[in-house]
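Below is one structure, written out as structure tokens, with a few remarks after it.
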Amino acid sequence: MVKHYEQVWGNCLSFIKDNINPQSFKTWFEPIKPIRLQDQSLTIQVPNKFFYEWLEENYVGLLKQSLVNELGKQGRLEYQILVPDHRKLGVKVKNDEALMNASAIKNPFVIPGIKRTKINPQLNADYSFDSFIEGDCNKLARSAGMAIASNPGGTAFNPLVIFGDVGLGKTHLAQAIGNEVLEKFPDKNVLYVSSERFTNQIIESIKNNAVSDFMNFYHMIDVLIVDDIQFLAGRVKTQEIFFNIFNHLHQNKKQVILTSDRPPKDLEDMEDRLISRFKWGLSADLQAPEFETRQAILSFKMEKEGVELPLEVVEFISYNIKNNVRELEGVLISLIAQATLNRRHIDINLAKQVIQNFVKKINREVTVDSIKDLVANHFDVPVEKLQSQTRKRSVVIARQLSMYLAKNLTNKSLKSIGENFGGRDHSTVIYSCKAVRDLMDTDLLFKDTVTELEKKVQLSLNG
Ligand code: ADP
Ligand code: MG
């Protein structure tokens, strides 16, 4: 009996599915289309060259096995790479034209009155692919990033959402893509912006009646990187404008790169239409690095700092600092500082000392209660009042400020912060944070108070 190609591929898929994790299956196998079966050779269609290379590099054994199961030892696999459909390109913004108009369009990154034709990408040149050590923890995200850098807007990874816990390299990787694009395509307009800055620019442009200027500026970007999009939570107007910009860029085959501390589906207070757009491309996570990768990262940073450490010290640090690359760097810097200040050799004992301080520091978490205590104490109001319904001005300010600090200095969600303040809901927390920011803008003394309290909260961790 002659087997039909769809049936053969269907059987291959169920074998593959049983042998890899669901996320990889979804990313790498669901997009494949079987095309034909001829002389024991199955042709499958993949979205692009990178995709094909990735399959060959990572799944060739699995593919082969599944094919042998179906077609016997003679079974062969051929790839067909999907040619991009140019008819779907839509309105094309010509680069030169956009640049010529650049001086007419208000660039929120420059002081008004100063003309500039090429947009400053706001990138840190240290964040390159070379300095981003590869490991199993970041393989997918890193490779997808490199594919994008060679062909921004032209891969299936649009948008690319890089997500993962704090200190695992999201900002580094996102900027590495931007830097690499500029290296390869110096004429492209690349722009990196944090969600916070983006939001502030929008607030500013609304105030100045300049929202359309703002959008026109962003429409000119070829590669837009927006960092930490979880901070857009609850910001309705910002999300609306971002939605518009996103659609414009995506339709015009411009690349969008986003980072987030959680997968798109878990973003809170985010419009569904935005979340569904984030899922159009690829969401790739950064995991905590494995022991060997931690060692490799540490060695790389040592070389950069120009120090050599005994192997047992490197191993000791890599073994103990597990969940955060920034901490790994932090330990190295402290170690160098301690050794220099105390004129000591870096040995295992010094490493133990430094790590002990570090681990103590990082394991102690800022709690909402400790913030409430500090603020109540500072404003000299009883801490229970922060939970109460009192509208007394001094209490209201202390309450709002506590919420603001809780939002910024803990990982608690808006919802759980609200619950900590007498069962208020998340919109009250959002409102309070805004009220505090507004007050800081207009009242410099208040701003100093906030800074001082922030420091105190941090210090309370070490005390
Ligand atoms: P995130 O944005 O996820 O909080 P960052 O991108 O700021 O994390 O990374 C924290 C620090 O760790 C940075 O100094 C970055 O250079 C470094 N880092 C993270 N991952 C790697 C890696 N794979 N190789 C080298 N350095 C890394
Ligand atoms: Mg970051």
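The values are calculated or read from the model by the stated rules, or taken from the named source; none is laboratory data. As the structure is a prediction and not an experimental result, all values here were calculated from the model. Cβ coordinates were reconstructed from backbone atoms using ideal geometry, including for glycine residues, and neighbour counts include every protein chain displayed. For the accessible areas, the whole protein counts, side chains as well, though only heavy atoms, and no ligand, DNA or RNA atoms are used. Shrake-Rupley method; radii C 1.70, N 1.55, O 1.52, S 1.80 Å.
Before moving on, here are some points about what is shown:
- The numbered conditions (1) touching a strand residue (DSSP E or B) at 6+ places or on another chain (Cβ under 7 Å); (2) polar (S, T, N, Q); (3) within 18 Å of GLY154 (Cα to Cα) are all true for SER194 except (3).
- Of all residue pairs spaced 6 or more apart or on separate chains, those with beta-carbon atoms under 6 Å, a first member in segment 171-187 that is closer than 17 Å to THR155 by Cα and within 13 Å of ligand 1 (Cβ to nearest atom) and a second member that is assigned to a helix (DSSP H, G or I) and not hydroxyl-bearing (Ser, Thr, Tyr) are ILE177/GLY145; ILE177/ILE148; ILE177/ALA149.
- Condition broken by GLY178, with the remaining ones in (1) open to solvent by less than 10 Å² (accessible area, probe 1.4 Å); (2) at positive phi satisfied: (2)
- Tallying residues that are in a helix (DSSP H, G or I), without any contact (Cβ under 8 Å) to a residue 40 or more places away in the chain and surrounded by 17 or more Cβ atoms within 10 Å (Cβ to Cβ) within segment 256-273 yields 0.
- Segment 182-252 holds helices (runs of 4 or more DSSP H) entirely within its bounds, and those carrying 2 or more residues that are among the hydroxyl-bearing types (Ser, Thr, Tyr) map to 195-207, 211-219.
- Taken over segment 37-77, the criterion of being in contact with a Ser or Thr (Cβ under 6 Å, 6 or more places away or on another chain) and of a type in the set (D, E, K, R) is satisfied by ARG76 alone.
- Residue pairs whose Cβ atoms lie under 7 Å apart, sitting 6 or more positions apart in sequence or on different chains, and linking a residue in segment 122-142 that is of a type in the set (S, T, N, Q) to a partner that is not in a helix (DSSP H, G or I), are GLN122/PHE109; GLN122/LEU191; GLN122/TYR192; GLN122/VAL193; ASN138/GLY169; ASN138/LEU286.
- Search result, residues across segment 1-51 that are open to solvent by 30 Å² or more (accessible area, probe 1.4 Å), of a type in the set (A, V, I, L, M) and touching a helix residue (DSSP H, G or I) at 6+ places or on another chain (Cβ under 6 Å): LEU37
- Of residues in segment 278-294 being open to solvent by less than 50 Å² (accessible area, probe 1.4 Å) and within 30 Å of THR238 (Cβ to Cβ), the one nearest to ligand 1 (Cβ to nearest atom): LEU286
- Of the residues making up segment 386-418, just one is open to solvent by less than 30 Å² (accessible area, probe 1.4 Å) and among the charged types (D, E, K, R), namely ARG399.
- Single match in ASP165, ASP222, ASP227 (criterion: open to solvent by less than 20 Å² (accessible area, probe 1.4 Å) and within 15 Å of ligand 1 (Cβ to nearest atom)): ASP227
- Selection within segment 230-259 - within 16 Å of ligand 1 (Cβ to nearest atom) and of a type outside the set (A, V, I, L, M): GLN230, PHE231, THR259
- Number of positions in segment 182-198 that are farther than 22 Å from GLY169 by Cβ and either in contact with a Lys or Arg (Cβ under 6 Å, 6 or more places away or on another chain) or open to solvent by 20 Å² or more (accessible area, probe 1.4 Å) (or both): 4
- Residue match in segment 277-292 (condition: within 23 Å of the chain's Cα centre (by Cα), in contact (Cβ under 8 Å) with a residue 60 or more places away in the chain and part of a helix (DSSP H, G or I)): yes
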